[in-house]
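Here is the structure we will look at, set down as structure tokens.
A short reminder: the numbers here are calculations on the coordinates, not readings from a lab. Computed from a predicted model, the values in this text were never measured in an experiment. Glycine gets a Cβ as well: all are built from the backbone with ideal geometry, and neighbour counts include every protein chain shown.
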Amino acid sequence: MDLRQMEYLIALADEQQFTRAAAVCRVSQSGLSAGIRNLEAELGTPLFTRTTRRVAPTDAGLALLPFARTMLAQVAAGRDAVIRATHALSGRLRVGAEQCLGVVDVPPLLERFHRRYPLVDIHFTQAGSHDLVTQIRAGELDVAFVATTEHLATVSPVELGRRAVVLLTPPEHPLAVRTHVEWAELRDREFIDFRESWGVRSLNEAACSAHGVGRRVRCTVDDIHTLLDLIRRGLGIALVPRHVAAKPEAVGLTTIRLPPASTPQWIVSAITAQQAEASAAQLLELVDGDLAATNETESTNTAPGS
């Protein structure tokens, strides 16, 4: 058993789908599948049951999960202790993020950064992506995690990942019996959407406009859980990134695919100010750590005979 296999195990258990788990781990789907197969062969038992719709841990997989999480946490804590003992980084770090990015989990990221660099004074702001871009351009933030591709030319964007947009409806909605819809079927429907400062709102507006979908946004929110609650109460339908539809709070709602050739892609990027504090680069190193590990181990995971 190695650390990458433990990461694959955790991601697949959390995402319950190979494509999404591979995206979380920043590895090819074949690489993740090979890593799981090798782990199952080493342990002599299946760790997941696989169907065409979902992947679920077996009893053996569930038994291994807490040990996998502990292994990764201990390794991270060990690295942090070494860096804390050998690097005396100080100053401040001004960070911003949109809520529930999925691709990057900001609170644990900030916790880990604080463990590594306890002398850095962290200031965190949660806001819509368009507001965060404005603050970065004005020099009010050092680094921000945003879900928009607009107006990023001068803020050094680094794409971290992307998710397909899906339609989310209450179970009693007429479209809830469908597995996929065409854009024309969304015309004149009543929607719930985020405030205009959120990246997903402008993405939705552009996609609907491009396909001639006139819609009425009945409810405008600034919180994902409120959006899910309003959908559940039958006040409208919503276009959301797939990871939002997979949240526990969305259980019972219906997820419907959009046309594959024209499904909008919700893209998460890290952006930095032109005069960012030195600590911003250290924060982004933590985000990039998994990608570096993938480059070192993927050839092993996909070697012939694995």
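Quick notes on this one:
- Extending 7 Å from the Cα toward the beta-carbon at both residue 195 and residue 263 defines two label points whose distance is 3.0 nm.
- Rounded D (µm²/s) - region 3-75, Kirkwood Rh over Cα pairs, Stokes-Einstein at 10 °C, 1.306 mPa s: 132 µm²/s
- The magnitude of the dipole of region 3-75, with charges of +1 and -1 set on the Cβ of Lys/Arg and Asp/Glu and taken from the Cα centre, is near 240 debye.
- All-pairs alpha carbon distance profile, region 164-266, 10 Å steps from 0, percent: 16, 57, 27, 0
- Tail weight of P(r) past 28 Å, computed on alpha-carbon pairs of the chain, percent: 47 percent
- Charged-residue dipole, Cβ positions (Lys, Arg, Asp, Glu), the chain about Cα centre, Debye nearest 20: 540 debye
- Antiparallel content of DSSP bridges confined to the chain, in %, to 5: 55 percent
- Region 164-266: antiparallel DSSP beta bridges as a percent of all, rounded to 5: 55 percent
- Lys/Arg +1, Asp/Glu -1 at C-beta; the chain dipole; positive extreme among 123, 252, 149: 252
- FRET E, pair residue 114, residue 134, Förster distance 30 Å, beta-carbon r, rounded to 0.05: 0.70
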